[in-house]
Amino acid sequence: MAIPYLEYFGLSEKPFGLTPDSHFYYESNTHREATEHLRFFLLQKEGFACIYGDVGTGKTVLSRLFLDSLDKNTYNTALILNPIMGDKEFLQAVLTELGIDYDNNSSKKDMFSRLEGFLLEEHKKGKETIIVIDEAQLITDETFEFIRILSNLETDKEKILHIIFFGQQELIERLKQPHLRYLSQRISVIYRLKALNLNEVNHYITHRLLKAGSKGFVQFEDGALELIYETSKGYPRVINIICDRCLLYLYSKSERVVDRDAVRAVINDESMSTLVDTPKKTKKIYRYMPYLVAATIVLILIILSVFNIIPVHRFFNKIFAH
Ligand SMILES: Nc1ncnc2c1ncn2[C@@H]1O[C@H](COP(=O)(O)OP(=O)(O)OP(=O)(O)O)[C@@H](O)[C@H]1O
Ligand SMILES: [Mg+2]
């Protein structure tokens with residue numbers, strides 16, 4: 001479907017889509033640190049690596065980008081995007097990803113031997129093999145156990161298979177459970193992806209606009225950026241949702257500058273209520289809180305004085321008499 005505002009803003013593609021497209025990748029501090037941890041993991045050649053974080057922080061986009069960045073002459077890679085499967089299916093998915101032939105009817109043991117043979121052969125050629133598992137919080141206990149067995153594949157000197165988990169916060173909770181401790185104890189590199197700060201939100205938005213071909217027809221004012229940051233809490237997916245709606249809003253009003261009011265109109269729209277926490281309601285209460293407290297104190301003093309419980313008026317009389 002054609003996107004109405006592209007031509008109006010001089011864009012060649014949608015700048016704030018929801019797919020984890022690595023073309024739009026912006027290297028924030030947290031994404032850079034995560035990548036450095038993964039590079040260190042590859043050098044270390046030990047255990048598992050785990051990158052986790054809240055929903056929409058960029059785990060999938062980072063996993064793809066990281067795999068793409070690896071030299072194909074040095075690394076074989078397998079990316080498992082949806083690990084809700086039993087151990088046999090998981091093994092089949094790994095074989096398929098690595099381009100290893102197998103017969104659907106063959107036993108798990110046969111498939112396992114094929115994988116082991118492949119890994120040893122590749123290792124002899126100087127190639128390492130990496131499996132990246134996204135949405136790792138969804139891995140079943142059975143498959144976790146199988147992954148542990150897979151990770152035991154090694155030569156006399158070193159592991160021949162490296163496994164990286166990307167998952168939501170629950171992954172860590174799951175790994176803390178006693179029956180998965182055998183696995184968590186072998187995680188040698190772990191990193192939590194964080195949200196972007198205000199400055200990064202600003203750069204992130206500009207970066208995505210430029211990647212989408214922007215020639216500067218559309219501008220985000222500082223106040224708008226602050227409100228986007230406040231509402232999204234720095235989570236990239238929510239930033240994208242808000243920014244995309246802002247562009248539509250501007251287009252409908254034949255404007256080109258996103259100001260604070262435009263963002264407020266967008267986030268107050270009913271269709272956004274399930275996606276973002278609107279900060280304005282709580283904010284208003286806080287803004288008027290000092291006046292409310294002062295008015296309450298005055299009211300109490302008046303009541304106490306009228307009923308002569310505490311003769312406040314005498315106190316004031318004394319002060320003014322001096
Ligand atoms: N560093 C980044 N640079 C550019 N875009 C990003 C970045 N991080 C996240 N995004 C964008 O934010 C959206 C959500 O990213 P992604 O799907 O990777 O998040 P996630 O952490 O995998 O979410 P979930 O927990 O739901 O799986 C995508 O549109 C993605 O392109
Ligand atoms: Mg994801």
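Coordinate-derived values only; no laboratory data. Everything quoted here is computed from the prediction, not taken from an experiment. Virtual Cβ from ideal backbone geometry, glycine too; neighbours counted across all protein chains shown.
Can you grab the distance from the C-alpha centre of segment 197-269 to the C-alpha centre of segment 121-190, Å, no decimals?
Segment 197-269 and segment 121-190 have Cα centres separated by 39 Å.
Per DSSP helix of 4 or more residues, -39500 (n - 2.57); summed, then divided by the residues of the chain. What does that give at 222 nm, rounded to the nearest 500?
-16500 deg cm²/dmol
Output needed: percent of Cα pairs per 5 Å distance bin for segment 29-193, bins running from 0 to the one holding the longest distance.
The calculated distribution, bin by bin, is 2, 8, 19, 23, 22, 16, 8, 2, 0, 0.
Over the chain, what is the mean sequence separation of C-alpha contacts under 8 Å (at least six apart), divided by residue count, expressed as relative contact order in percent?
Once normalised by length, the contact order is 24 percent.
Can you give me the relative contact order of segment 29-193 as a percent, contacts being Cα pairs under 8 Å and 6 or more apart?
About 40 percent, as a whole number.
Using +1 at the C-beta of Lys and Arg and -1 at the C-beta of Asp and Glu, which of 247, 167, 41 has the Cα lying farthest in the positive direction of the dipole of the chain?
247
Once the convex hull of the C-alpha atoms of the chain is built, how many Å³ does it hold per residue, rounded to a whole number?
245 Å³
What order, most packed first, do the peptides 104-114, 35-45 have when packing is the mean number of other Cβ atoms within 10 Å of each residue?
Ranking the peptides 104-114, 35-45 by packing returns 35-45, 104-114.
Sort 184-190, 97-103, 303-309 by packing, meaning the average of other beta carbons within 10 Å per residue, with the highest value first.
184-190, 97-103, 303-309
Students often check this: by mean Cβ neighbours within 10 Å, which of 193-204, 208-219 ranks highest, and how do the rest follow?
193-204, 208-219
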